[in-house]
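Down below is the structure, laid out as structure tokens.
The values are calculated or read from the model by the stated rules, or taken from the named source; none is laboratory data. Because the structure is predicted, anything quoted here is derived from the model rather than measured. When the accessible area is computed, the model is the full protein with side chains, heavy atoms only, and any ligands, DNA or RNA have been set aside. Shrake-Rupley method; radii C 1.70, N 1.55, O 1.52, S 1.80 Å.
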Amino acid sequence: LRLLPQQRYLRAERAESGALERKRNVLCCLITRILKAEKQLHIDNLVFKVIDACQQGELGPGLQFLSFCCHSVDVLSCVLHLLNQGYLRRQE
């Protein structure tokens, strides 16, 4: 028997999951920042504002170096996450 080095795909999966977690955290912070300024916003408008802010690099202080592509599915997933956590409230 001989000890094999850690498989590369395990390290890649960890790095990938870390990147996804950072992306979700940035999107959640951006959603919160937009809603603090707007107070009330239709979900469609919120998604467009978040995507627009990502494309223009308006992620906030200290985050200008982050550039990533965000899709409406990413934003909606973060909105649902924030709703489930109780950070956002839905109005009918």
**Prompt:** Regarding ARG11, is this residue modelled with pLDDT of 85 or more and open to solvent by 90 Å² or more (accessible area, probe 1.4 Å)?
**Reply:** no
**Residues located in region 37-92, provided they are open to solvent by 70 Å² or more (accessible area, probe 1.4 Å), within 14 Å of the chain's Cα centre (by Cα) and at pLDDT below 85** = GLN55, GLU58, SER67, CYS69, HIS71
